[in-house]
Amino acid sequence: MTPQQIELVRTSFARVQPNADAVAAAFYERLFTLDPSVRVLFKGDMKEQGRKLMQVIGVAVAALDDLGPLIPTVKRLGATHATYGVQSAHYQTVGAALLDALRTELGAGFTPETETAWATVYGAVAGVMQEGATGAASA
């Protein structure tokens, strides 16, 4: 990621944080609309799930200057998600739902450059999670 992309992600995430619960709810609503079959993967309290989601995103955003130390944790997260039934194809749907939720929350502030920056972050994190899931499947 470029320094400009990192700044775009951090600035836009700071604008989203005050409405984190609503953004998480919009994310899950969009996710379940895009792929209703994933609804069964979520067994717990969705408000708590949303808080965890936003917390994990916050950790990733804070570490954008050096994601290296997070890689083992993100791989474990991918391995854990695989045990829940998350499949490789779900990552694309999750990415689309995330971008849609950010677009809705940020409105005109979700510029094409901001979208590209978020897509880059998500692609990197999702790729590492998928590596973790693949490692878990072969173990």
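The values are calculated or read from the model by the stated rules, or taken from the named source; none is laboratory data. Just so we're clear, the structure is a prediction, and the values are computed from it rather than from any experiment. Using ideal geometry, Cβ is built from the backbone for each residue, glycine included, and neighbour counts are taken over all protein chains shown. We work out accessible area using only protein heavy atoms, side chains counted, and drop any ligands, DNA or RNA first. Shrake-Rupley method; radii C 1.70, N 1.55, O 1.52, S 1.80 Å.
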I'd like the full set of residues that are polar (S, T, N, Q) and without any contact (Cβ under 8 Å) to a residue 60 or more places away in the chain, limited to the range 14-32. 17
Go through the range 64-76 residue by residue and tally those that are open to solvent by 20 Å² or more (accessible area, probe 1.4 Å), under 15 Å from the mean Cα position of the chain (by Cα) and under 22 Å from residue 10 (Cα atoms). 5
With respect to residue 114, determine if the residue is polar (S, T, N, Q), open to solvent by less than 40 Å² (accessible area, probe 1.4 Å) and under 19 Å from residue 2 (Cβ atoms). yes
Which of the residues spanning the range 1-33 are open to solvent by 70 Å² or more (accessible area, probe 1.4 Å) and among the hydrophobic types (A, V, I, L, M, F, W, C)? 1
Matching entry among 89, 108 (being free of Cβ contacts under 8 Å to residues at least 24 places away in the same chain, aliphatic (A, V, I, L, M), open to solvent by 40 Å² or more (accessible area, probe 1.4 Å) and in contact with an Asp or Glu (Cβ under 9 Å, 6 or more places away or on another chain)): 89
Failed condition for residue 40, given (1) at pLDDT below 95; (2) open to solvent by 90 Å² or more (accessible area, probe 1.4 Å); (3) in contact with a helix residue (DSSP H, G or I) (Cβ under 7 Å, 6 or more places away or on another chain), with all others met? (3)
